[in-house]
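*Asks:* Once you've had a glance at the structure underneath, I'll fire off some questions.
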Amino acid sequence: MAKVLVVTSGKGGVGKTTSTAALGAALAQSGQKVAMIDFDVGLRNLDLIMGAERRVVYDLINVIKGDAKIEQALIRDKRVETLHLLPASQTRDKDNLTDEGVARVIDGLREKFDWIICDSPAGIERGATLAMRHADVAVVVTNPEVSSIRDSDRIIGMLDSKTLKAENGEQVEKHLLLTRYDAARAQRGEILKVEDVLEILSIPLLAIIPESTEVLRSSNLGAPVTLGSPNSAPARAYLDAVRKLQGETLVEVQKQRGLFSKLFARRAA
Amino acid sequence: MSLFSFFKRNTTSAPVARERLQVLLAHERTIVGGGESDLVAILREEIMAVIAKHLAVPQDKVQIKMDRGASVSTLEVDIEIPATLAGLRPAA
């Protein structure tokens, strides 16, 4: 039975799709069966980052509308055979992205895979809420920058209120993935430090992905960074993240909540 | 450029970012999350109902505000009673 993981952020351009590709590939490299679903209907990009843009025949909307079977739409990766991609539709109306249709697709995949990774679109509209709807685990991608942190805070509030788990009185397991982090600049006080971001958002840290040219290089070549540049610092960070997700878990003690998060607890609506 | 302005330019901005975010999110978590704004709406409705039993006060003359401070929070209820009702006769 698969775990459903949503990669989300609120803000665009922080690295959701890059992280989806890297985490999906890393999980598959460790032998897990992985299906990645691109929820960004109209602006799909996971296919491009994965280097599969010319192999798209059917997409998520085709499957929801019954034009294609899920097996026909899934693209199997040529490098790691347990890695699969369900692309978003590029042209069709996103009104076809229905709650019921998404539930059917995810239920169908749950039997056959170990991990279903939902790549959320930016924003807080339907694509984003449907991407997180069925999640067991959430990876909140955040840059050490004020607008990204504010949007992540909003998304964490939604994970605590708008997901199936939340509605059933359970919790989505939330992890912070801090991307594009430049430790030297943080040291100089030019950007927020990890500790600051953790205190403000008060969810446990999954990994810090350092700012690196390797990430862009891999995107250019159509490879997740864990495949395209496996020994680079960002790839190693993603591989560590995946080990944590698989429950070599979080030995790291959860940080004491700071004064700020004690005073202003986020509320589930 | 003087030596002084050279040092001033290097003042770190991250602490400012941190402080601004803390103030902003403290505010947004109470409003966007629906927690406190719901509470204020419920209080407003029930307080209005109680007042309406005894006084015909227009809705817009009742102001209800909640302020969250670090150690004390306050609920402020401000009811403006029209001069014609000064005798406090029952509304109905």
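Each value in this text was obtained by applying a stated rule to the coordinates, not by laboratory testing. Remember, predicted model here, so these are calculated numbers, not experimental data. Ideal geometry is used to build each Cβ from the backbone, glycine not excepted, and the neighbour counts take in all protein chains shown.
*Asks:* Calculate one ³J(HN,Hα) per residue across region A:10-24 by plugging θ = phi - 60° into the Karplus curve 6.51 cos²θ - 1.76 cosθ + 1.60, and present them in order as whole Hz with x for glycine and proline.
*Replies:* Whole-Hz 3J(HN,Hα) from phi for region A:10-24: x, 6, x, x, 8, x, 4, 5, 4, 6, 4, 4, 5, 5, x.
*Asks:* Now for a separate question. For A:LEU206, enumerate residues with amide H under 5 Å from its amide H, sequence gap 5+ or separate chain, H modeled in the peptide plane.
*Replies:* A:LEU176, A:LEU177, A:LEU178
*Asks:* What order, most packed first, do the peptides A:218-225, A:230-237 have when packing is the mean number of other Cβ atoms within 10 Å of each residue?
*Replies:* A:218-225, A:230-237
*Asks:* Where the centroid of each part is defined by its Cα atoms, how far is region A:52-93 from region A:175-211 in Å?
*Replies:* Here the two parts' Cα centres lie 34 Å apart.
*Asks:* Which of rounded, prolate or oblate describes the protein assembly as shown when judged by the alpha-carbon gyration tensor and an a/c cut-off of 1.5?
*Replies:* Since a/c reaches 1.5 but b/c is at least a/b, the shape of the protein assembly as shown is classed as oblate.
*Asks:* Follow-up question, since we're still on this one. Please list the non-local residues whose amide H lies under 5 Å from the amide H of A:CYS118, H modeled 1.01 Å from N, same-chain partners needing a gap of 5 or more.
*Replies:* Answer set, sorted by chain and number: A:LEU5, A:VAL6, A:VAL7, A:ILE37.
*Asks:* Please tell me the relative contact order of region A:148-237 in percent, rounded to the nearest whole number, where contacts are Cα pairs under 8 Å and at least six residues apart.
*Replies:* 23 percent
*Asks:* Here is a further query. If you count, for each residue, the other Cβ atoms within 10 Å and average over each peptide, how do B:47-54, A:115-122 line up from highest to lowest?
*Replies:* A:115-122, B:47-54
*Asks:* Taking amide H atoms as placed 1.01 Å from N in the peptide plane, list the residues 5 or more away in sequence, or in a different chain, whose amide H sits under 5 Å from that of A:TYR181.
*Replies:* HN-HN under 5 Å from A:TYR181: A:ILE209, A:GLU211.
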